[in-house]
Amino acid sequence: MKGRVAYIPTAHKIEFHEYDVPAPAPGGIVAAVTQTNVCGSEVHMWKGEFGRRGVMPGHEMSGRVHSLGAGVSADSAGVPIREGDRIAPVYYTVCYRCANCVAGNHSACTNKTLGARHPDEPPHFTSTFATHYVIKPEQQFYKVPDNVPDVVASAANCAMSQVYWSLDRGRLAYGETLVVLGAGGLGLHAMAIAKARGARVIAVDGFDLRLKQARRFGADETVDMREFADADARGKRIRELCHGWPDVVLEVAGVPEAFLEAMRLARIGGRVIEVGNISNALTIAIPPSLITFKSLEVVGVATYPPHYLKKSLDFLEQHIDRYPYRELCDATFPLSRAAEALDRSERREITRAGLLAQD
Ligand SMILES: [Zn+2]
Ligand SMILES: [Zn+2]
């Protein structure tokens, strides 16, 4: 049986390479991809921002078990698994041996491994813009709850698991106030999880659709950046809404100014969680004394410990009907039209594109 894998050799060009679908390694799995999504990093790849070497796009997916390797009868949580079952994998592996893994902070593993750089490298299917995906023996994967559709499950292994972990790293507790700067995908997932743990949530954004979505994903209050145009005005408004200062501020707007604003917003002794800024090229001048005199805790979070994907899928099983998760993906394309999905994502005509791989 043949399958196809996408490769981006250079900006705005995508190729599909065909190979025999391999047999799974002992302890591993070969999945048939059902849905994979255009996430921010694929748009960066499409624009050629990952250097001159080619890249293999795709890390978010849901799929079905195509074939089980020898000895595999359960997912990474011990739930029995058979061929045809719906699953979602973590898109990287951690080593469980480095200083961070041993200390329990697997998201900061110093030996994380991702897929290959070129699909010619066996076992070929190591990224998810593909008809199939090879799950390594040491890679975590989980069965998808029956009531969680592929369109939702396919995004659980990225934004959702990352903000779930970031709220834990920021120790957001019952009764605390969380300010979320940016009501994109990361922000909306954070709002729903924060509400479920009994926090009060204030969302800040400047677009009608995103403010509306924030309320639908559980925000108690929203602050419109068009109405409160500078950081001082927003701070004043947020303190009015809190009757004081917020305990925790999550930065998911992805601009350096928002990081500074987060530190200004948090209460003395509060916590700032930085997730959104991912570009080395974007900088801002920051007075470090702000951190000193406010006794701030600043926590940076990239990825998540692999088992957070299980926690995300469990959360979705419980809350799938409470929040409009299905709407987070606003366009789907067959895998063969990935170029169109990437172009339209780059032009921001669509927020989240899904690719249906079994076309
Ligand atoms: Zn490690
Ligand atoms: Zn992603």
Original post:
How much length is gained if the chain between Asn147 and Glu15 is pulled fully straight, taking 0.36 nm per residue apart and subtracting their Cα-Cα distance, in nm to one decimal?
Top reply: 44.1 nm
**OP:** List the residues whose amide H sits under 5 Å from the amide H of Arg200, counting only those 5 or more places along or on another chain, with H placed 1.01 Å from N in the peptide plane.
**Re:** Gly175, Glu176, Thr177, Leu178
**OP:** Determine, from the Cβ-Cβ distance of Arg171 and Arg52 and an R0 of 41 Å, the FRET efficiency 1/(1 + (r/R0)^6), rounded to the nearest 0.05.
**Re:** 0.45
Original post:
Using 0.36 nm per residue, how much length does the chain from Glu346 to Ala331 gain when fully extended, once their Cα-Cα distance is taken away?
Top reply: 4.0 nm
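Pairs of Cα atoms under 8 Å, at least six residues apart: use those to get the relative contact order of the stretch 75-184, whole percent. Show your work: numbers first, answer last.
Numbers: 94 pairs, mean separation 31.3, N = 110.
Result for the stretch 75-184 is 28 percent.
Can you run the Rg to Rh ratio on the chain? Use alpha carbon positions and the Kirkwood inverse-distance Rh.
When Rh is taken as the Kirkwood radius, the ratio is 0.98.
Kirkwood hydrodynamic radius (Cα pairs, Å) of the stretch 160-300?
Values: mean 1/r = 0.0685 Å⁻¹.
Over the stretch 160-300, the inverse of the mean reciprocal pair distance is 14.6 Å.
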**OP:** Return the long-range amide H neighbours of Thr222 (sequence gap of 5 or more, or a different chain), with a cut-off of under 5 Å between placed amide H atoms.
**Re:** Ala203
**OP:** Let me have the relative contact order for the stretch 160-300, percent, based on Cα pairs under 8 Å that are six or more residues apart.
**Re:** 22
**OP:** Answer rounded, prolate or oblate for the stretch 49-115, using the Cα gyration tensor with square roots of eigenvalues a ≥ b ≥ c: rounded when a/c is under 1.5, else prolate when a/b is larger than b/c, else oblate.
**Re:** oblate
Subject >> Under Karplus coefficients 6.51, -1.76 and 1.60, residue-wise ³J(HN,Hα) of the stretch 348-354 in Hz, glycine/proline x >> reply: 6, 6, 10, 8, 9, 9, x
Original post:
Could you give the radius of gyration (one decimal) and Dmax (whole number) of the Cα atoms in the stretch 230-359, in Å?
Top reply: 19.1, 58
Subject >> Selected from Val90, Val152, Val79 as most flexible by GNM, with the chain as the system and alpha-carbon contacts under 10 Å >> reply: Val79
Original post:
Taking N as the number of residues in the stretch 1-63, what is its Cα Rg relative to 2.2 N^0.38 Å?
Top reply: 1.25
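A 25 angstrom limit on the alpha carbon distance is what I want to check against. Which of Lys112/Lys143; Lys112/Lys311; Lys236/Lys311 exceed it?
On the way: Lys112/Lys143 23 Å; Lys112/Lys311 20 Å; Lys236/Lys311 36 Å.
In this structure, Lys236/Lys311 exceed 25 Å between Cα atoms.
Can you quote the Å³ per residue value for the convex hull of the Cα atoms in the stretch 1-132, rounded to an integer?
Enclosed volume per residue, from the Cα hull, is 119 Å³.
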Subject >> Alpha-carbon centroid distance for the pair the stretch 138-189 / the stretch 222-242, whole angstrom >> reply: 26
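Readers should treat all values here as calculations from the given coordinates under stated rules, not as data from a laboratory. Predicted model, so just to flag it, every value in this text is computed and none were measured. Using ideal geometry, Cβ is built from the backbone for each residue, glycine included, and neighbour counts are taken over all protein chains shown.
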